[in-house]
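The values are calculated or read from the model by the stated rules, or taken from the named source; none is laboratory data. The model shown is predicted, which means the values in this text are computed figures rather than measured ones. A quick note on method: Cβ atoms are made from the backbone with ideal geometry, for glycine too, and the neighbour counts reach across all protein chains shown. Side chains included, ligands, DNA and RNA excluded: accessible areas come from the protein's heavy atoms. Shrake-Rupley method; radii C 1.70, N 1.55, O 1.52, S 1.80 Å.
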Amino acid sequence: MTSYQKRTEDHLLSPENTVLTVIDYQPTQINSINSMNHSELIRNTEIVIELAKLYNIPIILSTVNVEKGWNTDTIPVLKRAAGEDIKSYDRSSINAWEDKEYNEAIKATGRKKILIVALWTEACLTFPTLDALKEGYEVYPIVDAVGGTSQLAHETALRRVEQAGAQLTSIAQLACELQRDWNREETVDGFDELLTKFGAFSNLR
């Protein structure tokens, strides 16, 4: 069993070429989701954040209308998962890409592959995805950690971004793509723990 050396140029997702953005996981938005069970949505999003932390992927967190007092911050369980000291970019714009500080934060990572989870699918995921694609980024919505105001709205939004060039992915697929090789032993235990928590398998080793 001989693995090739880790790629320096990679067309697949890798810990070195991706950034994760988490947009608007606030109580009002979560409570209005009707395409997915709320507890499952929160658990899955927590696993996505923990995967990013495991593979040292930058996380760009954003909220809407907290400073205006119209909304409250990212829910505590997700804020803790990301790290209490993580900077959060609050916006007035529905489309995060149209917020200067958020936009600059994404671009400052220097990474062209954007993993995105956002609420709702039909708005705060769709709009920055379309804008980022237009500017030459690759965007990967993580479908089992996002939701819409209805199943139809959610599915229609995913169809729209996919037709525009977004590449849909799932938690299990993302984890396997980041891990890639069992010889990368420093992340195997964390990979096993998170996918066991997700329910994809139990106790790899």
request  = Could you tell me the distance between the Cα centroids of segment 78-133 and segment 160-194, to the nearest Å?
outcome  = 20 Å
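Length gain on complete extension for the stretch W70 to K197, per 0.36 nm per residue less the alpha carbon to alpha carbon distance? Present the calculation step by step, with values, prior to reporting the outcome.
Values: separation 127, 0.36 × 127 = 45.72 nm, distance 3.42 nm.
Gain on extension, W70 to K197, equals 42.3 nm.
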inquiry  = Ignoring chymotrypsin sites (Phe, Trp or Tyr not before Pro) that are buried or in helix or strand per DSSP, and keeping those with at most 16 other beta carbon atoms within 10 Å, what is the longest stretch of the chain between them?
reply    = 71-181
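In the structure displayed, which of K87/K113; K68/K113; K87/K134; K53/K107; K107/K134; K68/K107 lie more than 23 Å apart, Cα to Cα? Walk me through the intermediate numbers first.
Values: K87/K113 20 Å; K68/K113 31 Å; K87/K134 26 Å; K53/K107 19 Å; K107/K134 14 Å; K68/K107 26 Å.
From the list (K87/K113; K68/K113; K87/K134; K53/K107; K107/K134; K68/K107), the Cα-Cα distance tops 23 Å for K68/K113; K87/K134; K68/K107.
Could you check how much of the accessible area of segment 123-205 is carbon and sulfur, as a whole percent, using a 1.4 Å probe?
Values: 1980 of 4080 Å².
Whole-percent figure for carbon plus sulfur exposure: 49.
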key: Distance in nm between pseudo-label sites at S150 and I86 (7 Å out along the Cβ direction from Cα)   = 3.2 nm
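Rolling a 1.4 Å sphere over the protein heavy atoms, what is the accessible area per residue of segment 50-205, to the nearest Å²? Don't skip to the end; give the middle numbers.
Working: 7530 Å² over 156 residues.
Accessible area per residue: 48 Å².
Among the GluC sites (Glu not before Pro) in segment 129-190, which ones are in a DSSP loop with at most 14 other Cβ atoms within 10 Å of the Cβ? Mind listing them?
Values: sites: E135, E138, E155, E162, E177, E185, E186; in loops: E135.
Of the GluC sites (Glu not before Pro), the ones in loops of segment 129-190 whose Cβ has at most 14 other Cβ atoms within 10 Å are E135.
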message = Given a 10 angstrom Cα cut-off, can you work out which residue in N37, N103, N183 is the most mobile in a GNM of the chain?
response = N183
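Explain nothing, just the number: relative contact order of segment 63-197, from Cα pairs under 8 Å at least 6 residues apart, as a whole percent.
Working: 148 pairs, mean separation 23.6, N = 135.
With pairs under 8 Å counted, the relative contact order is 17 percent.
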request  = Give the Kirkwood hydrodynamic radius (Å, one decimal) of segment 112-205, defined as one over the mean of 1/r across all pairs of different Cα atoms.
outcome  = 14.4 Å
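What's the whole-number percent of alpha carbon pairs in the chain lying beyond 25 angstrom? All intermediate terms of the calculation are to be shown ahead of the outcome.
Details: 7050 of 20910 pairs.
So the portion of pairs separated by more than 25 Å is 34 percent.
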remark   = For segment 32-105, listing GluC sites (Glu not before Pro) in a DSSP loop whose Cβ sees at most 12 other Cβ atoms within 10 Å gives E67, E84
